[in-house]
Amino acid sequence: MAGARLADFDLSPFPRRHVAVKEAVFPFARFPGVDVILGPEMRSTGEVMGIDKDFARAFLKSQIAAGTILPESGLVFVSVRDSDKAAIMPVVRDLVALGFEIIATRGTAGFLAEHGMKVRLVNKVAEGRPHIVDLLKDGEIDLMFNTTSGSQSLSDSFEIRRSALTMGTPYYTTLAGARAAVMALYASQRGMLEVAPLQSYSDNTG
């Protein structure tokens, strides 16, 4: 924008002692029938920031600022696409270690059970009641991880994501989001968050 490369400026690097996480705020709740899956056409209505000495606490602050309150315990619904099943296992192990109970649809539940994880089975909407949307609407789900791919899979899981939004259930639709949420849960259990003036993060004299 300045018409020159960054290398052309006399910039002096200095060690940074903080991490800042920016979180977009989307108006999904205002528009019935809109899917919460992000696409290239999405535009946020605002942004918030969490800042702290490490990523986990900064991410936790960003979620609180965006209105997402992560639970301290409870039931976590996990349903991920086939390509994410192996990668979601460490996330699920961490959730169990934190004291959460896991519930999943047939494909994800079977995969997790095959790898020695304790998991409850719940029906998809098309498989009959009681199904996952029933549990969401009854307030039984405290946190949700749902990744999907393909038009049919997106359509099939739309009601799940929409119900989570309506009920105010924290949800993450990417593997990276799920990992970050678990890191934030660990940070939350380690103690109270601290608040510091912005100037303290740029003060490099200490």
Ranked LYS118, LYS85, criterion: other C-beta atoms within 10 Å, fewest first: LYS118, LYS85
Ranked PHE158, PHE59, PHE145, criterion: other C-beta atoms within 10 Å, fewest first: PHE158, PHE59, PHE145
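In what sequence do VAL133, VAL195 fall when counting other Cβ within 10 Å, fewest first? Please list the in-between numbers first.
Numbers: VAL133 20, VAL195 8.
Ranked by crowding around the Cβ, least crowded first: VAL195, VAL133.
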Hits among lysines - C-alpha to C-alpha of LYS118 under 21 Å, sequence gap 8 or more where chains match: LYS85
Additional length obtainable on full extension of the chain from ARG120 to SER202, 0.36 nm per residue less Cα span: 24.8 nm
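Each value in this text was obtained by applying a stated rule to the coordinates, not by laboratory testing. As the structure is a prediction and not an experimental result, all values here were calculated from the model. Ideal geometry is used to build each Cβ from the backbone, glycine not excepted, and the neighbour counts take in all protein chains shown.
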